[in-house]
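Written below as structure tokens is the structure these notes are about.
The values are calculated or read from the model by the stated rules, or taken from the named source; none is laboratory data. Everything quoted here is computed from the prediction, not taken from an experiment. So basically every Cβ, Gly included, is an ideal-geometry build from the backbone, and we count neighbours across all protein chains shown.
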Amino acid sequence: MNALTSDRVLCAAVERWLQIAIESCLNIANHRIAARGWTPPTTGREAFLVLAAHDELDPELARRLGRAVGLRDVLVHDYASIDLERLAAVVAQDLDDLRAFAQHAARWVAP
């Protein structure tokens, strides 16, 4: 946490990396939904729930990824109110969710 508060360049890099990582997961989720012909989600958070409803993701992982979309929205639209403690916690604890989604996505595209 201290590194994020004391180094604005590092903080900006972490914010941007998380934004891109979460957006990438969301884009992949939406592509998977479209490719399968499922009803498109009305929100970003819902995209992961659609995948869970079709047994493509664990429901709890889908909920956590939906919360990540909320963080992405803050990073993009409400950057003046970014909670650096939450950001540090995401980096320390929640990156496994993005990795887990990447593993699912890799299986979807594997021959």
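Say we look at region 16-57 and pick out the residues that are of a type in the set (Asp, Glu) and in contact (Cβ under 8 Å) with a residue 12 or more places away in the chain; which of these is nearest to residue 108 (Cα to Cα)? The residue in question is 56.
Residues in region 66-81 that are hydrophobic (A, V, I, L, M, F, W, C) and surrounded by fewer than 15 Cβ atoms within 10 Å (Cβ to Cβ) were compared, and the one that is nearest to residue 22 (Cα to Cα) is 76.
Taken residue by residue, region 14-35 has no member that is outside any helix (DSSP H, G or I), more than 25 Å from residue 92 (Cα to Cα) and not aliphatic (A, V, I, L, M).
The set of residues from region 36-58 being part of a helix (DSSP H, G or I), touching a Lys or Arg at 6+ places or on another chain (Cβ under 8 Å) and among the charged types (D, E, K, R) comprises just one member, 45.
Restricted to region 6-30, and to residues there that are exposed (fewer than 14 other Cβ atoms within 10 Å of the Cβ) and modelled with pLDDT of 95 or more, the residue that is farthest from residue 101 (Cα to Cα) is 20. Among the residues of region 1-13, those identified as free of Cβ contacts under 8 Å to residues at least 60 places away in the same chain and part of a helix (DSSP H, G or I) are 2, 3, 6, 8, 9, 10, 12, 13. Of everything listed in (1) hydrophobic (A, V, I, L, M, F, W, C); (2) exposed (fewer than 14 other Cβ atoms within 10 Å of the Cβ); (3) in contact (Cβ under 8 Å) with a residue 12 or more places away in the chain, the single unmet condition for residue 90 is (2).
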